[in-house]
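Novice: Right, I'll just put the structure down here and ask away after.
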Amino acid sequence: MTRDAGIELRPLTNEEFAVYRERAVPEYAGELVRARDLDRRTALRTAEESFPPSLGALAEAGQGLFRARHDGVDVGWLWLG
């Protein structure tokens, strides 16, 4: 965990990753529909395949997902790979 000027950056827990993935996959699918003109079904399948199924899989790929908070309020995510 890193703190600077009221900002906290820490790795996601398994539970937080599950919630993040549940929200992020359909959002990404929507972006694929708009940007690539894919049909919704294909976009959702592509998005599902693009996101690792777990934090363990993310770590195996040499990546990390972090939660950023400022004074106790969520302000963003950081995905490093």
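The values are calculated or read from the model by the stated rules, or taken from the named source; none is laboratory data. The model shown is predicted, which means the values in this text are computed figures rather than measured ones. Cβ sites come from the backbone with ideal geometry, for glycine too, and all protein chains shown count toward neighbours. To get the accessible areas, we keep the full protein, side chains included, count just its heavy atoms, and leave off ligands, DNA and RNA. Shrake-Rupley method; radii C 1.70, N 1.55, O 1.52, S 1.80 Å.
Novice: Taking the conditions exactly as written (surrounded by 16 or more Cβ atoms within 10 Å (Cβ to Cβ), touching a residue at least 40 places away in the same chain (Cβ under 8 Å) and of a type outside the set (Gly, Ala, Ser)), does LEU44 satisfy them or not?
Specialist: Criteria not met by LEU44.
Novice: Follow-up. Can you run down the residue pairs with Cβ atoms below 8 Å, 6 or more apart or on separate chains, where the first is in the range 19-40 and modelled with pLDDT of 95 or more and of a type in the set (Val, Ile, Thr) and the partner is part of a helix (DSSP H, G or I) and open to solvent by 90 Å² or more (accessible area, probe 1.4 Å)?
Specialist: VAL33/ARG40
Novice: For the range 50-65, enumerate the residues that are open to solvent by 50 Å² or more (accessible area, probe 1.4 Å) and either β-branched (Val, Ile, Thr) or over 15 Å from VAL25 (Cβ atoms) (or both).
Specialist: ALA59, GLU60, ALA61, GLY62, GLN63
Novice: Ok, one more. Please determine whether any residue of the range 52-69 is of a type in the set (A, V, I, L, M, F, W, C) and more than 15 Å from the chain's Cα centre (by Cα).
Specialist: No, because not a single residue in the range 52-69 is of a type in the set (A, V, I, L, M, F, W, C) and more than 15 Å from the chain's Cα centre (by Cα).
Novice: Ok, one more. Looking at GLY6, is it open to solvent by less than 30 Å² (accessible area, probe 1.4 Å) and at pLDDT below 95?
Specialist: The answer is yes for GLY6.
Novice: Another question, then. May I ask you to list pairs of residues, at least six apart or on different chains, whose Cβ atoms are under 8 Å apart, with the first in the range 57-81 being closer than 15 Å to ARG10 by Cβ and the second being exposed (fewer than 13 other Cβ atoms within 10 Å of the Cβ) and of a type in the set (D, E, K, R)?
Specialist: ARG67/ASP74; ALA68/ASP74
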